[in-house]
Structures are given as C-alpha cells and as structure tokens.
Amino acid sequence: MTPALSIQNVAKTFSTAQGDVRALDHVSIDIRAGEFVSVIGPSGCGKSTLMNIVGGLVDDYEGEVHLDGALVRGCQKQIGVVFQEESTFPWRTAIDNVAFPMEAAGLPREARMARARELLELVGLNGFENRFPSELSGGMRQRIAIARTLAFQPRILLMDEPFAALDEQTRLLLGDKVLQIQQELNQTTLLITHNIAEAVQLSDRVLIMSFRPGRIKRVIDIDLPRPRSSKLMGGEKFGQYVAAIWEDLREEASKGLQDMERVRAGA
Amino acid sequence: MASATLTSLRKPPAIVTRFGALALFLLGWEAASRAGWISAFIVPPPSEIYNSFEMLFVQEGLVDAFLRTFGEAFAAAGLGSVIGIAVGYLLHRSKLAGLAYTDWVAAMASAPLVLLYPLFLVVFGRNSATIVAMGVVGCLPPIILKTKEGLDGVKPVLLNVGRTYGLTPWRQFRMIQFPAALPTIFNGVRIGLLFAIINVVGVEYLIVFGGLGQMISDLGDRFEIAAMFGGIVFVILVSVCFFFITEKIETWLLSSK
Ligand SMILES: Nc1ncnc2c1ncn2[C@@H]1O[C@H](COP(=O)(O)OP(=O)(O)OP(=O)(O)O)[C@@H](O)[C@H]1O
Ligand SMILES: [Mg+2]
C-alpha cells in the first residue's frame with residue numbers, strides 16, 4: 001500500500017553569516033493513511049524545519065515529499081498546519097479566526113459560522129466567540145489556532161508543538177479531543193512534540209530525532225489499544241514506553257544542552 | 001486623602017496647564033496690543049480677531065469655504081491613499097524598488113512640496129483639479145512610507161497560515177497583509193490628511209482660488225487684518241481638532257486589536 005505521506009531523504013542546510021547549519025540530514029518517514037506519528041527530539045534538532053518542508057513552506061531542500069505516491073512541492077490544501085508560534089489573527093475575533101479557512105474556501109457565512117462555533121466548543125472556548133486574541137490567554141489563543149486548522153478537516157494534519165503553551169490538564173484533555181477527531185476523520189497526522197507522555201498517549205509510532213544534524217535515531221511502535229484517552233497514563237505499559245523513549249532521548253538532549261553551554265561560553 | 005489633594009494642587013492636570021498657558025499668552029498679547037507695544041495694524045489683539053468671526057461667518061461665507069477646502073483635502077487624501085498604498089505595496093514587494101526609492105520618498109516627506117504648484121497650474125489650469133492634485137502630492141510620502149513599514153512588519157507565521165490555505169497573492173494581501181498592517185497604514189493616512197490640508201490651503205492662497213486659502217488671501221488684499229487673522233486662527237483650530245480626533249480613532253483602532 002502506498003503511504004499517505006512519504007518523506008524521502010529530506011535534508012536542509014541553512015546558510016547563515018556564521019556559516020552553514022545542517023538542520024536536517026536525510027530524514028525518511030512513511031506514514032500510513034490514518035496513522036498518528038509523533039516526532040520527538042531535543043530543541044534545535046530540526047523538527048520545525050521538517051514540518052515546514054512537508055507543509056510546503058520551504059522551497060529549497062533536498063529530497064522529496066509524496067502525497068499518496070505523487071511528488072508534491074509547495075503548499076497543498078489537503079495539508080493542515082498548526083504552527084509552533086502564536087498564529088492567530090489579532091484583528092479577527094475568536095470565531096472569525098476559526099472561520100478563516102472556510103472563508104478563504106468561499107463557504108457561505110451561515111455555514112462557516114456554525115462550523116466555527118462547533119469547533120470553538122470542542123476546544124472549550126464557547127462563550128469567547130467574540131473576543132479578540134489580545135483579550136485571551138496564550139493557551140486560549142493556541143486552542144483557537146488548533147480549532148482553525150481542524151475546522152477545515154485536512155486529510156493530513158501537521159502539528160508543531162500545538163500544546164506547548166497549555167497547562168498540563170488542558171493539554172491532556174485537548175489531546176484526547178484532537179485524538180478523537182483524528183480517529184473519526186481518519187486523519188493522517190504528524191505531531192511534533194517535546195513531551196514524551198503526550199507522544200505515547202497519542203501516537204501509533206514515535207520517531208526519536210538526534211541532535212543536529214537532525215536524523216531519525218529510532219522508531220518506537222506504541223502498541224496500546226484504541227480508542228485511547230489520557231486515562232491510559234497510569235498503566236504499566238505506558239510507563240515502560242515513556243522510560244524507553246527517555247532512555248534514547250536523554251543522550252540527545254544532553255548533547256543539545258552541552259551545545260548550548262558551549263555557545264554561551266563562546267559568546 | 002490630604003496628601004492626594006496636596007499633590008493635585010501642586011501638579012494640576014496636563015489639560016489645565018496647557019489651556020492655562022494659552023490663556024496667559026492671549027492675555028499678554030491683548031495687553032501688549034492695548035498698550036500700543038504691538039501695532040494693531042500688523043497684529044490685531046485677540047479680542048478683535050474674536051470679534052471678526054461674526055463677519056467671517058455672515059459676510060465671507062466661512063462655512064462654504066471650510067466645506068470646500070476640507071472636501072478637497074479629503075478627496076486628495078482618499079485618492080492619495082489608493083495610490084500611496086499601491087506604491088507602498090510595490091516598495092514592500094520588490095526588494096530592489098524598496099532599496100532604490102524608499103529613502104527618496106522619505107526625503108520628499110520633509111520637502112516643501114507646495115512649491116511644485118506652478119507645474120500643476122500649467123497641467124490642470126487654475127481650478128479644483130490643481131488643488132486636489134497638490135493635496136495628493138502632499139499626502140503621498142507618509143502614506144507610502146507607512147504602508148511599506150506596516151507590510152514589512154507583518155509576522156511571517158501569519159503569512160504562512162495564508163499560504164497553507166492556498167491564498168492567491170491578492171487574497172493574501174486583502175485577508176492578511178492589509179489588515180495586519182492597517183494600524184500602521186492608518187497612521188500614515190492620518191499624517192497624509194494633515195499634509196493634504198496644509199497643501200490645499202497653501203495652494204488656494206497662492207493661486208487665489210476657492211476655499212479658506214482664497215478667503216484669507218482676499219481679506220489680506222482688502223486690509224481686513226483682524227478677519228484675516230481670524231481665518232488663519234480658524235484653519236489652525238480645525239487642523240488641531242482633526243489631529244486629536246484622528247489620534248483618538250487611531251488609538252481606538254489599536255486597542256480593539
Ligand atoms: N531560517 C533559518 N535560518 C538559519 N537557521 C535556521 C533557520 N531556521 C532554523 N534554523 C536552524 O536550524 C536548526 C533547526 O531549527 P528548528 O526550528 O527546525 O528546530 P526545532 O527542532 O523545531 O527546535 P524547537 O524544539 O526549539 O522548536 C536550528 O539550529 C536553527 O538555528
Ligand atoms: Mg520548533
């Protein structure tokens with residue numbers, strides 16, 4: 001079966017005034033239709049770069065990205081992206097933010113408002129429809145951004161640390177909801193995260209990336225029954241997965257930390 | 001409580017200070033004029049200027065002149081906004097054009113462009129077209145510069161959101177870049193409107209045609225000195241009002257974001 005999303009030998013080098021930075025080094029990932037894959041790795045290992053390449057937001061890279069076996073370049077409407085940075089539109093209210101992609105697609109006002117209201121409710125923001133982002137907390141703004149991407153029901157969902165700005169409780173509950181939608185729509189999902197428990201809770205597979213240059217160091221299949229929810233977290237098997245991932249990640253994370261200290265010492 | 005009253009006594013609110021200073025200045029001027037230190041023929045005392053307003057309204061058609069001048073200034077600012085935003089967009093879009101022209105436009109913003117009026121007089125003749133064209137020339141530099149500044153400052157991630165939904169460049173502009181840059185662009189339009197008023201009144205005065213500028217010029221020719229100053233004071237007052245009103249609109253625009 002051809003994978004829904006196939007990333008083949010993707011590599012990227014940034015040229016800066018301080019010299020070249022090899023951000024990604026020949027990364028290959030095949031994701032089945034409906035599969036939930038997480039990428040976890042130390043800060044600066046090229047996770048966002050990988051996501052920007054798959055999302056079509058970076059032009060000059062090595063390697064290829066295939067959708068259902070067809071080579072693609074540039075942005076694809078079937079790919080929805082939740083960005084790591086704050087990305088709500090400050091001049092639009094919460095509901096108008098969520099309705100944005102449907103407005104861009106030319107959906108009639110009634111329909112897109114109804115859909116946007118549904119999605120806001122899903123992320124727990126009913127009652128905040130007419131607030132501007134500046135009147136909401138960082139976590140609420142991020143939930144708007146997530147709702148905006150989900151509202152469009154993309155076949156392929158890319159999320160770059162979407163829950164990073166949220167507190168632990170909201171993160172767990174929202175993770176459950178996103179997972180529920182993902183399962184319902186059978187969305188092919190690539191999640192980038194720092195959070196090991198989150199990766200185990202949501203994913204079919206967890207890819208561990210090495211510190212610069214970013215490579216896939218290890219792949220761990222998460223063999224936990226679905227439907228899942230955050231209740232899973234107490235289980236013994238869950239703990240074993242978390243421990244196994246940390247084992248691999250620790251080495252890379254400490255390399256990242258050393259690198260940071262080196263930079264600080266050099267500066 | 002007591003200390004609060006004390007401090008408020010020591011330091012009155014800004015508005016009281018401002019108008020107090022103005023009142024003191026006017027009183028001094030009035031006194032100097034009455035004492036004969038200032039010739040009333042060159043600079044009439046404030047009371048005479050104040051009294052001239054009745055004549056300005058009744059005989060000189062101040063209201064019509066005002067409507068005409070400000071109508072022309074607004075037309076100029078409207079036209080200037082369309083042109084200025086388009087040019088600002090081009091300077092933002094093309095890196096080369098931005099490098100080549102931005103500093104020149106900035107230089108124009110500080111030049112007395114009103115001196116270009118003979119050129120427009122030749123092209124359009126002695127009529128409203130020349131006046132509006134001069135208003136447009138005056139308001140263009142700030143609108144162009146602020147548009148470019150606003151568009152340059154749009155957060156890249158917002159543009160990326162638009163790109164992931166496959167927006168065309170025009171819709172990218174209309175749905176993301178323009179609204180994101182709007183507070184800055186509005187700031188440019190506001191300064192542009194003030195520059196347009198200055199140019200319109202200036203050219204009306206210079207070519208003695210239509211509106212407040214012509215009125216002031218006429219009064220000067222007829223040696224109605226007090227009324228002439230009345231006209232000038234009126235222009236200043238209205239400009240100041242515009243400045244504050246548009247400033248309020250601007251802060252309101254910014255705060256609703
Ligand atoms: N536009 C750019 N120009 C130059 N270097 C860049 C650019 N974008 C990223 N990099 C570099 O590429 C490397 C990977 O960056 P990236 O943002 O992909 O990391 P990340 O894994 O997403 O990190 P984090 O977890 O902190 O978000 C970093 O070393 C970064 O400095
Ligand atoms: Mg990142």
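How large is log10 I(q)/I(0) at q = 0.12, 0.17 Å⁻¹ when the Debye formula is applied to the Cα atoms of segment A:88-153, each weighted equally and without solvent?
The calculated log intensity ratios at q = 0.12, 0.17 Å⁻¹ are -0.23, -0.46.
So, with +1 on the Cβ of K and R and -1 on the Cβ of D and E, and no other charges, what is the size of the charge dipole of segment A:88-153 about its Cα centre, to the nearest 20 debye?
In debye, rounded to 20, segment A:88-153 gives about 100.
Would you grab the residues whose amide H sits under 5 Å from the one on A:Gly63? Only those 5+ places off in sequence or on another chain, please, with H modelled 1.01 Å from N.
A:Ala11
Skipping prolines and chain starts, which residues have an amide H placed within reach, meaning under 5 Å, of the one on A:Gly214, given they are 5 or more residues away or on another chain?
A:Leu24, A:Asp25
Given H placed on each backbone N at 1.01 Å, which residues far from A:Gln84 in sequence or on other chains put an amide H within less than 5 Å of it?
Under 5 Å from the amide H of A:Gln84 lie the amide H atoms of A:Asp160, each far enough along the sequence or on another chain.
Relative contact order for chain A using alpha-carbon pairs under 8 Å, separation at least 6, rounded to a whole percent?
Normalised by residue count, the contact order of chain A is 25 percent.
Let me know the mean shielding of A:100-112 by other chains, meaning the per-residue number of their Cβ atoms within 10 Å of its Cβ.
Average per residue, whole number: 2.
Taking each residue in B:184-196, count the Cβ atoms of any other chain within 10 Å of its Cβ, then average. What number comes out?
0
How many percent of DSSP beta bridges within the protein assembly as shown run antiparallel, rounded to 5?
Taking every DSSP beta bridge with both residues in the protein assembly as shown, the antiparallel ones total about 55 percent.
Name the shape class, rounded, prolate or oblate, that the alpha-carbon gyration tensor gives for the protein assembly as shown, where a ≥ b ≥ c are the square roots of its eigenvalues, rounded holds for a/c under 1.5, and otherwise prolate holds if a/b is larger than b/c and oblate otherwise.
prolate
Are any of the pairs A:Lys77/A:Lys217; B:Lys155/B:Lys248; A:Lys47/A:Lys255; A:Lys47/A:Lys217 more than 20 Å apart by Cα-Cα distance, and if so, which?
The pairs that break the limit, which is 20 Å between Cα atoms, are A:Lys77/A:Lys217; B:Lys155/B:Lys248.
Sort B:Ile236, A:Ile29, B:Ile38 so that the residue with the fewest other Cβ atoms within 10 Å of its own Cβ comes first and the one with the most comes last.
Going from least to most buried by this count: B:Ile236, B:Ile38, A:Ile29.
Could you order the peptides B:134-140, A:89-95 from most to least packed, using the average number of other C-beta atoms within 10 Å per residue?
Highest to lowest by the protection proxy: B:134-140, A:89-95.
Cut-off 10 angstrom, C-alpha nodes, Gaussian network model of chain B. Which of B:Lys11, B:Lys95, B:Lys148 fluctuates the most?
B:Lys11
According to the square roots a ≥ b ≥ c of the eigenvalues of the Cα gyration tensor, what is the shape class of segment B:34-114, taking rounded for a/c under 1.5, prolate for a/b larger than b/c otherwise, and oblate for the remainder?
Since a/c reaches 1.5 but b/c is at least a/b, the shape of segment B:34-114 is classed as oblate.
State the answer as a single residue: which of A:Ile181, B:Thr147, A:Ser229 lies farthest towards the positive end of the charge dipole of the protein assembly as shown, with beta carbon charges of +1 for Lys and Arg and -1 for Asp and Glu, about the Cα centre.
About the Cα centre, the residue reaching furthest to the positive side is A:Ser229.
From Cα pairs below 8 angstrom and at least 6 apart in sequence, can you work out the relative contact order of chain B, rounded to a whole percent?
24 percent
What order, most packed first, do the peptides B:111-122, A:145-156 have when packing is the mean number of other Cβ atoms within 10 Å of each residue?
A:145-156, B:111-122
Starting with the fewest neighbours, write out A:Arg109, A:Arg218, A:Arg212 ranked by other beta-carbon atoms found within 10 Å of each beta-carbon.
Ranking A:Arg109, A:Arg218, A:Arg212 by Cβ neighbours within 10 Å, fewest first, gives A:Arg109, A:Arg218, A:Arg212.
Please compute the contact order of segment B:187-257 in relative form: average sequence separation of alpha-carbon pairs under 8 Å and at least six residues apart, divided by the residue count, as a percent.
24 percent
Sort A:Val200, A:Val263 so the one with the fewest other Cβ atoms within 10 Å of its own Cβ comes first.
By the 10 Å Cβ count, ascending: A:Val263, A:Val200.
Would you please state the base-10 log of I(q)/I(0) at q = 0.09, 0.10, 0.15 1/Å for chain B, with intensities from the Debye formula using one equal scatterer on every alpha carbon?
The Cα Debye sum returns log10 ratios of -0.57, -0.67, -1.10.
Straight-line reach from A:Lys237: which lysines fall under 19 Å, measuring Cα to Cα and dropping same-chain residues less than 8 apart?
none
Along segment A:143-152, what does the Karplus equation 6.51 cos²θ - 1.76 cosθ + 1.60 (θ = phi - 60°) give for ³J(HN,Hα), rounded to whole Hz, x for Gly and Pro?
5, 4, 4, 5, 4, 4, 6, 5, 4, 7
From the phi of every residue in segment B:224-238, what ³J(HN,Hα) in whole Hz does the Karplus formula 6.51 cos²θ - 1.76 cosθ + 1.60 yield, where θ is phi - 60° and glycine or proline is x?
7, 4, 4, 5, 4, 5, x, x, 5, 4, 4, 4, 4, 4, 5
Given the options A:Gly80, A:Gly55, A:Gly138, state which has the largest fluctuation in a GNM of chain A using a 10 Å cut-off (strictly under) for Cα springs.
Result for chain A, Cα springs under 10 Å: A:Gly138 fluctuates most.
Provide the percentage of antiparallel DSSP beta bridges, counting only those with both residues in segment A:155-255; round to the nearest 5.
Antiparallel bridges: around 50 percent, rounded to the nearest 5.
Can you compute the charge dipole magnitude of chain B about its Cα centre, using +1 on each Lys and Arg Cβ and -1 on each Asp and Glu Cβ, nothing else charged? Give it in debye, rounded to the nearest 20.
For this selection, approximately 1360 debye.
Which value, in debye to the nearest 20, describes the size of the charge dipole of the protein assembly as shown about its Cα centre when Lys and Arg Cβ atoms bear +1, Asp and Glu Cβ atoms bear -1, and nothing else is charged?
Approximately 440 debye in magnitude.
Using the Karplus equation 6.51 cos²θ - 1.76 cosθ + 1.60 (θ = phi - 60°), what ³J(HN,Hα) coupling, rounded to whole Hz, does each residue of segment B:136-141 give in order, writing x for Gly and Pro?
4, 4, x, 8, 4, x
Need one value for B:152-165: mean number of C-beta atoms belonging to other chains within 10 Å of its residues' C-beta atoms.
Across B:152-165, the average partner-chain Cβ count within 10 Å equals 6.
For chain B, find the longest principal axis of its Cα atoms and tell me its angle to the long axis of helix B:46-58, 0 to 90°, nearest 10.
Helix B:46-58 and the main axis of chain B meet at about 70 degrees.
Only the coordinates and a few stated rules stand behind these numbers; no lab work does. For clarity, every value in this text was computed on a predicted model and none was experimentally measured. No Cβ is skipped: glycine too gets one built from the backbone with ideal geometry, and neighbour counts run over all protein chains shown.
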